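Heads up: the structure comes next, in structure tokens.
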Amino acid sequence: MSPINRINKIPLLLLTGLFFLTSCNKDLPKAIPIVPPANGVTPTLATLLDDPSFSILKAAVVKAGLLDELADPTLRFTVFAPDNNALIASGISMDAVNALPAASIIGLISYHIIPQVVTTATIPTSFPNLQYPSILNPAPAVSPLLRLTTFPSKRGNFAWVNNIPIIAAEVTAVNGVLHKVARAVAPPTQFLWQRIVADPNLGYLEAAIIRADSGAPAATSLVGYLQNIGANFTVFAPTDAAFKATLTGAIYVGLLPLVTQQLMGAGYTAAQAAAAAPGIALPQATALASTPDVFKNPALFSALKAETIKGIVVYHVLGSRAFSVNLPTAATNVLTLLNTGPGLANHPGVSVQATFGPAGVTAATVKGLGNQTAANIQINPTPAPGGTSDQHYLNGVLHVINQVLLPQ
């Protein structure tokens with residue numbers, strides 16, 4: 001059962017086709033062997049790596065034990081190939097290849113190889129990204145069939161794998177195609193939840209998720225989904241400042257009439273109470289919302305109900321993986337996990353949009369139905385790990401945003 005269906009608590013209906021073999025008395029005709037077309041034997045993808053500009057990549061392929069497969073003319077692959085400059089810019093020098101253990105090199109190189117031919121002409125411009133399995137199995141003990149997937153996408157004349165630009169496409173070989181990429185395409189190694197917990201700027205999001213999981217079985221908790229390797233999410237992660245501002249405002253709205261009533265009960269006139277109440281309610285709201293512990297405060301449980309917080313959290317999660325370069329250029333509504341809740345199938349979701357420059361996305365936004373303005377995705381200047389956009393994990397992508405998205 002997929003995480004989305006488990007959230008929705010709707011059992012997955014498995015449709016099983018029945019194939020029947022019928023017999024007859026006639027003899028079967030003799031089989032005519034199929035002769036595969038002659039594709040030649042050179043150049044192979046391995047041969048293309050003889051280019052001196054790919055010397056580091058070839059050394060890594062050799063150390064990973066994959067050169068023979070890339071030299072086999074009967075197999076078919078797509079190789080995303082960073083040249084020496086691209087690998088060095090990614091922190092991978094020849095010395096690093098020589099020093100790293102073979103297991104690390106195998107993981108890195110295997111994620112650059114797809115066991116089928118994918119040309120840029122076959123990559124659509126649709127949203128969300130198409131996914132293509134690489135040859136990398138990150139957990140063979142879990143399943144021998146498990147593969148980490150790559151996410152090619154295209155906008156106009158530009159193409160990417162994940163969020164890495166393809167800078168020279170369609171270098172053909174008899175056994176596949178090579179696309180030259182601007183940087184190494186690093187395989188993810190952590191789960192979304194690990195990033196959220198480790199990031200000191202996402203403490204409120206972590207606390208909100210834990211509050212949303214109150215009373216939920218571990219197997220169906222949001223924390224469980226965010227650690228599920230079978231999931232495929234995009235998380236828009238509000239900063240602590242964004243959560244603090246939203247919570248302060250929400251608590252203030254709730255406190256203001258209570259403080260006003262208290263003042264009137266103490267002898268203030270209605271006008272006096274209305275004038276004095278904001279000066280009392282706002283500092284109280286600010287103090288209550290000053291730390292992520294606001295979600296643990298029993299006095300606020302009636303206002304910050306677990307069900308309400310869960311609805312807000314899942315409104316920040318798409319049920320597909322989208323890098324910024326795959327976002328549409330016109331404001332487009334996309335569904336979130338909130339749409340899997342009872343009676344919410346027709347909710348319009350969130351509106352996403354990206355602005356592109358010559359090197360990729362220069363700005364991107366996501367807007368909730370209840371937000372007056374769109375939240376900004378904090379675009380990385382470079383695709384560095386631990387950054388704010390296009391953060392790639394085993395079960396999804398994370399983009400840091402500067403507002404809490406409100407579904408109503």
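What to note about this one:
- Inter-residue pairs, beta-carbon under 7 Å, first farther than 15 Å from A184 by Cβ and in the range 45-74, second open to solvent by 50 Å² or more (accessible area, probe 1.4 Å) and assigned to a loop (DSSP other than H, G, I, E, B), 6+ apart: E69/L75; P73/N39; P73/V41
- Among the residues of the range 220-244, the ones that are open to solvent by 50 Å² or more (accessible area, probe 1.4 Å) and either in a loop (DSSP other than H, G, I, E, B) or free of Cβ contacts under 8 Å to residues at least 24 places away in the same chain (or both) come to 3 in all.
- Of the numbered criteria (1) open to solvent by 40 Å² or more (accessible area, probe 1.4 Å); (2) touching a residue at least 24 places away in the same chain (Cβ under 8 Å), the one L344 fails is (2).
- Counted residues, the range 150-164 - those being at pLDDT 90 or above and either surrounded by fewer than 18 Cβ atoms within 10 Å (Cβ to Cβ) or closer than 15 Å to P328 by Cβ (or both): 3
- You will find that of G349, G311, the residue that is over 22 Å from R195 (Cβ atoms), among the small types (G, A, S) and out of contact with any strand residue (DSSP E or B) (no Cβ under 8 Å at 6 or more places or on another chain) is G311 and no other.
- Condition check for N137: modelled with pLDDT under 95 and of a type outside the set (F, W, Y): yes
- Among the residues of the range 80-99, those that are over 26 Å from N175 (Cα atoms) and outside any helix (DSSP H, G or I) comprise S90, G91, I92, S93.
- Scanning the range 100-115 for residues that are part of a loop (DSSP other than H, G, I, E, B) and open to solvent by less than 40 Å² (accessible area, probe 1.4 Å) gives Y111, H112.
- Qualifying residue in the range 202-211 (condition: outside any helix (DSSP H, G or I) and either within 27 Å of S104 (Cβ to Cβ) or of a type outside the set (D, E) (or both)): yes
- Subset tally (residues that are in contact with a strand residue (DSSP E or B) (Cβ under 6 Å, 6 or more places away or on another chain) and open to solvent by 50 Å² or more (accessible area, probe 1.4 Å)) for the range 357-369: 2
- For the range 116-131, a residue qualifies if it is touching a residue at least 40 places away in the same chain (Cβ under 8 Å), surrounded by fewer than 18 Cβ atoms within 10 Å (Cβ to Cβ) and in a loop (DSSP other than H, G, I, E, B), and the qualifying residues are Q116, V117, T119, F127, Q131.
- Count of the range 170-215 residues which are more than 16 Å from the chain's Cα centre (by Cα) and either surrounded by fewer than 17 Cβ atoms within 10 Å (Cβ to Cβ) or closer than 30 Å to T308 by Cβ (or both): 22
- Residue check for T220: at pLDDT below 90, over 30 Å from A270 (Cβ atoms) and among the hydroxyl-bearing types (S, T, Y): yes
- Complete set of residues in the range 103-125 that are over 22 Å from S90 (Cβ atoms) and in contact with a Phe, Trp or Tyr (Cβ under 8 Å, 6 or more places away or on another chain): P115, Q116, V117
- Checked against (1) closer than 18 Å to S320 by Cβ; (2) open to solvent by 60 Å² or more (accessible area, probe 1.4 Å); (3) not acidic (D, E), Q372 meets all criteria but (1).
- Residue list for the range 183-211, filter: farther than 20 Å from N297 by Cα and of a type in the set (S, T, Y): T189
- Enumeration of residues in the range 232-261 that are over 26 Å from N371 (Cβ atoms) and touching a Phe, Trp or Tyr at 6+ places or on another chain (Cβ under 9 Å): T260
- When the range 255-282 is filtered for residues that are in a helix (DSSP H, G or I) and either under 18 Å from A303 (Cα atoms) or among the hydroxyl-bearing types (S, T, Y) (or both), the ones remaining, listed by number, are L255, L256, P257, L258, V259, T260, A281, L282.
The values are calculated or read from the model by the stated rules, or taken from the named source; none is laboratory data. Every value quoted in this text rests on a predicted model; they were computed, and no experiment measured them. All Cβ positions, even for glycine, are placed from backbone atoms using ideal geometry, and neighbour counts span all protein chains on display. When the accessible area is computed, the model is the full protein with side chains, heavy atoms only, and any ligands, DNA or RNA have been set aside. Shrake-Rupley method; radii C 1.70, N 1.55, O 1.52, S 1.80 Å.
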